[in-house]
1. Go through the range 1-24 and count every residue that is part of a helix (DSSP H, G or I) and farther than 15 Å from VAL74 by Cβ.
2. Which one is nearest to ALA359 (Cα to Cα) among residues in the range 299-339 that are touching a residue at least 12 places away in the same chain (Cβ under 8 Å) and of a type in the set (Gly, Ala, Ser)?
3. Yes or no: TYR96 of a type outside the set (A, V, I, L, M), more than 23 Å from the chain's Cα centre (by Cα) and either crowded, with 16+ Cβ neighbours inside 10 Å or at pLDDT 95 or above (or both)?
4. Where residues in the range 163-188 are among the basic types (Lys, Arg) and touching a helix residue (DSSP H, G or I) at 6+ places or on another chain (Cβ under 6 Å), which of them is surrounded by the most Cβ atoms within 10 Å (Cβ to Cβ)?
5. Can you find, within the range 294-318, the residue that is modelled with the lowest pLDDT among those that are surrounded by fewer than 17 Cβ atoms within 10 Å (Cβ to Cβ) and over 13 Å from LYS371 (Cβ atoms)?
6. Looking at ASP381 and the list (1) touching a residue at least 12 places away in the same chain (Cβ under 8 Å); (2) surrounded by 13 or more Cβ atoms within 10 Å (Cβ to Cβ), which single condition is not satisfied?
7. Quick one: which helices (runs of 4 or more DSSP H) lie wholly within the range 57-165 and hold at least 2 residues that are within 26 Å of LYS235 (Cβ to Cβ) and either in the same structural domain as ARG190 (by TED's automatic domain parsing) or in contact with a Cys (Cβ under 7 Å, 6 or more places away or on another chain) (or both)?
8. Can you report the number of residues in the range 77-111 which are without any contact (Cβ under 8 Å) to a residue 12 or more places away in the chain and of a type in the set (Lys, Arg)?
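The values are calculated or read from the model by the stated rules, or taken from the named source; none is laboratory data. These numbers come from a predicted model, not from an experiment. When we count neighbours, we look across all protein chains shown, and the Cβ atoms used for this are built from the backbone with ideal geometry, even at glycine.
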Amino acid sequence: MSGIIDVSKKIEEKLLLDRNLEQQVFFEISKIVSEAYQHSMAQSGKGYCYKFNLPFNAVTKKLYKLLDLTNEEVFKAFKKDWGQGAMKNRMHKDPYYQILLLLIYYGIKNNKKVITENAFFILLMKLWNGRKEKFIRYCDEKTMNYVVANMSKKFVITKYDGPLFLLKDYFVPTLLKKYSQQIKSDPAGRLGLRRLFEQSWSRIRQIFVFNKQRNLASGKDEYTGGIAPLYYQAKREGAKLDTTAMGKNEDSEQIDLMSVNEREDIANDVTDYIVSNTKRNVSITFINALYRDSNVNKELIKVIIQGLADYNLHKYISELILLILSRLNIQQKEDICKADIYSKFKRTIVSSKNNPDVAKIRRLCNTIINKIFEKNQINIDIEKNYTPPTAGKIRLLLLNVILSDMKKVICHQQVVGKKFMHFVKSGYQM
């Protein structure tokens, strides 16, 4: 039995049987949100430098007491479902987040919209503070206000006056719309509360930083997107709200945050399909074509294709897809369905030899394949036991399957990879 579901039933029994208690919980979280609004309005000049006053006692003491729960009891419930590995993470084991996630589930399951939205907003407040502290610990208000005022209007933060409205009016409805049904169906599963929590962290992080690239001059990885790189650039140049050191540029080449979120949606949807597709119907025609043109053993091809249905590979496949989408410059889902997707793949990935992102793609392919081998008790390392040309063809086959699945999920097209085979025939390697 699920630990999260057990604790959730305990909460549900208390609140549904005692409406006065439910009203007390409703009042407490509504009070927190109201106080957040009041404090934010009083500090409105801070803009995106704003940091929330977090209601630690109200959440970690008052709510636990009202629901007759202990931190240890709730921790054990999450540990049972999320595993020991996740609970080593400071965020995953935080009682602040855990009790709010339980209330989010209670609200979703019992159609208590205000409880759901308020609990989620309070959770996002702490996630915001953590990302701001990490990426812009000491924030000059005039510099930040200048940065936001001069950003492309495509960026979502330009549409909201500060983090309070960004979280309450954008992140809360958007993420709940996307994940509520999965939470309701399987709150304890990897696509339930944990997915909502981790995606919330990821989306807020992308406000501050995204698009990590290697600086060829320094040899270090640096972020080129998000408000943090722009803030520090403005800071170096002494740009304030009333200066013009960084002219407004609606046609900036910087990646639009909305396209980054779109890519993450694509990566999540496709990865979920791949790792959960335990009954994948592998076409004999497809297998024969891959075998004929690559000389990779048919059984090995099947092992690799079927081995992708493993949730332990989720983070590797998702990261791989994000890198592919970035290299292909995918801005929206429709771009995947265009006829030139394979030629773009050839030009930007297959034929690109000395690019850091392509090197990461190769390493991720190797990791995924080796983990599939390990799970199937095949004592082979793709780099050590195969010649470079053979290893390259195996990686290309893996990418073929993933791109085909992208077409299936996003474009609802059945693709068997025929367009891909000319890469193999032509001797291309990955």
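1. Number of matching residues: 10.
2. Ranking the qualifying residues of the range 299-339, first place goes to SER326.
3. Numbers: of a type outside the set (A, V, I, L, M): yes; more than 23 Å from the chain's Cα centre (by Cα): no; either crowded, with 16+ Cβ neighbours inside 10 Å or at pLDDT 95 or above (or both): yes.
When the stated conditions are applied, TYR96 does not pass them.
4. Quick first cut of the range 163-188, residues among the basic types (Lys, Arg) only: 168, 177-178, 184.
Filter once more, keeping what is touching a helix residue (DSSP H, G or I) at 6+ places or on another chain (Cβ under 6 Å): 168, 184.
Details: LYS168: 21, LYS184: 13.
Ranking the qualifying residues of the range 163-188, first place goes to LYS168.
5. Filtering first and then ranking leaves ASN295.
6. Going through the list (1) touching a residue at least 12 places away in the same chain (Cβ under 8 Å); (2) surrounded by 13 or more Cβ atoms within 10 Å (Cβ to Cβ), ASP381 breaks only (1).
7. Numbers: elements: 71-87, 95-109, 113-135, 141-149.
Correct list: 113-135, 141-149.
8. 2
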